[in-house]
Amino acid sequence: MKNKLVAEQLSASHCHLGESPFWSRKRQSFFWVDIENGKLYEHHLPTENTTIKSFSHRLTLVLEGKDDELILALDRKIASYDLDTDQLKWLAEVETDLPLNRFNDGKCDAKGRLWIGTLSTKFTEGSGSLYKVSKDLNPDKQLDQLTISNGMAWTEDNQTFYFIDTPTRQIKAYHFDLNAGTLEFERIAIDIPEGMGMPDGMCIDQEGMLWVAHYGGSGVYRWNPMTGELIEKIDLPVPHVTSCAFGGENLDMLLITTAQENMSSGQLKEFPMSGDVFLVKTGTKGVEANRFLY
């Protein structure tokens, strides 16, 4: 593996379950959420100022929509959100018959469709699904029998979609038809060995390599999805690493979220930076996130 990259603490946010790191070029800000506490964080990179908004829902996802609006996933609903007026506008809802379920990770494809998964808050096996939400705002189920629908990424040519259902310890590759917005399973790209934790959120760089947050694995691991080879690892001073996203002016800074959940008081004393957010200057560049176009 290459020389190890060094992570620096960006924010002592002490999230119970930090997730959904996102870079807004327009606002020059990194966003992330604390799911269980319903908090939305914005860290303005030039001023190093962090602001927090609170919601009376589990907040699982933040990304950008049209103009200046943000797109949020709150429990089982998707909403647009105006940061200036705090106005929420509900757009879509799923699984009203499954009150224990909530949304989890999500990304937008190159056509501006939102792909977003669900899980049971009891982590019941097979209770989650992956949905595609297009301009008509009608969620269309693409995969079912998932347990913890999690990280996703597309290749630059938009022909391959990588997807994580965390307990499988696998990153699966699907053939992706961009025009039709359809998936077809191709292969298991990466098997995560026991002892490295569980694959959680992920992103892709301009070389087509996957940067994967390993929950219980104390780091972000860079994998080659064509060979299954581990290329490098970013060590973090916490066990539960949840997700990562490229940002900054040159898209060469990796924002990493972590969690305090499932940790005893003794473990929290041992790993006091758990739940904080970290930033790493990488030797590679990421890919600009797509907006939700509806």
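Rule-based calculations on the coordinates, nothing more; no lab input. All of these numbers come straight from a predicted model, not from anything done at the bench. So basically every Cβ, Gly included, is an ideal-geometry build from the backbone, and we count neighbours across all protein chains shown.
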Meets criteria (touching a residue at least 60 places away in the same chain (Cβ under 8 Å) and acidic (Asp, Glu)) for ASP252: no
On the given criteria, is PHE163 over 17 Å from the mean Cα position of the chain (by Cα), of a type in the set (Phe, Trp, Tyr), more than 21 Å from ARG58 (Cα to Cα) and surrounded by 21 or more Cβ atoms within 10 Å (Cβ to Cβ)? no
Across region 177-211, which residue is nearest to LEU251 (Cα to Cα) among those that are buried (at least 17 other Cβ atoms within 10 Å of the Cβ) and of a type in the set (Asp, Glu)? ASP205
Take the conditions β-branched (Val, Ile, Thr), under 22 Å from ALA110 (Cβ atoms) and in contact (Cβ under 8 Å) with a residue 12 or more places away in the chain and apply them to VAL277. Does it pass? no
Could you pull out the residue among ALA79, ALA92 that is in contact with a strand residue (DSSP E or B) (Cβ under 6 Å, 6 or more places away or on another chain), surrounded by fewer than 20 Cβ atoms within 10 Å (Cβ to Cβ) and assigned to a strand (DSSP E or B)? ALA92
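Being crowded, with 20+ Cβ neighbours inside 10 Å and in contact with a helix residue (DSSP H, G or I) (Cβ under 6 Å, 6 or more places away or on another chain): is that true of ILE148 here?
Yes.
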Of the residues SER80, SER134, which is touching a residue at least 60 places away in the same chain (Cβ under 8 Å), of a type in the set (S, T, N, Q) and within 28 Å of ARG27 (Cα to Cα)? SER134
In region 66-112, how many residues are over 16 Å from the mean Cα position of the chain (by Cα) and closer than 13 Å to LEU137 by Cα? 10
What tally of residues in region 238-257 results from selecting those that are more than 16 Å from HIS16 (Cα to Cα), surrounded by fewer than 22 Cβ atoms within 10 Å (Cβ to Cβ) and in contact with a strand residue (DSSP E or B) (Cβ under 9 Å, 6 or more places away or on another chain)? 4
Return the total of residues in region 95-113 being among the small types (Gly, Ala, Ser) and part of a loop (DSSP other than H, G, I, E, B). 2
I'd like the full set of residues that are buried (at least 21 other Cβ atoms within 10 Å of the Cβ) and either touching a helix residue (DSSP H, G or I) at 6+ places or on another chain (Cβ under 8 Å) or more than 22 Å from VAL287 (Cβ to Cβ) (or both), limited to region 166-176. THR166
Being free of Cβ contacts under 8 Å to residues at least 40 places away in the same chain and under 15 Å from the mean Cα position of the chain (by Cα) is the filter here, so list the residues in region 187-218 that pass it. MET198, HIS214
Yes or no: LEU143 more than 19 Å from the chain's Cα centre (by Cα), among the hydrophobic types (A, V, I, L, M, F, W, C) and within 23 Å of ALA73 (Cα to Cα)? no
Any hit, region 258-274, residues being in contact (Cβ under 8 Å) with a residue 60 or more places away in the chain, buried (at least 16 other Cβ atoms within 10 Å of the Cβ), in contact with a Phe, Trp or Tyr (Cβ under 6 Å, 6 or more places away or on another chain) and not hydroxyl-bearing (Ser, Thr, Tyr): no
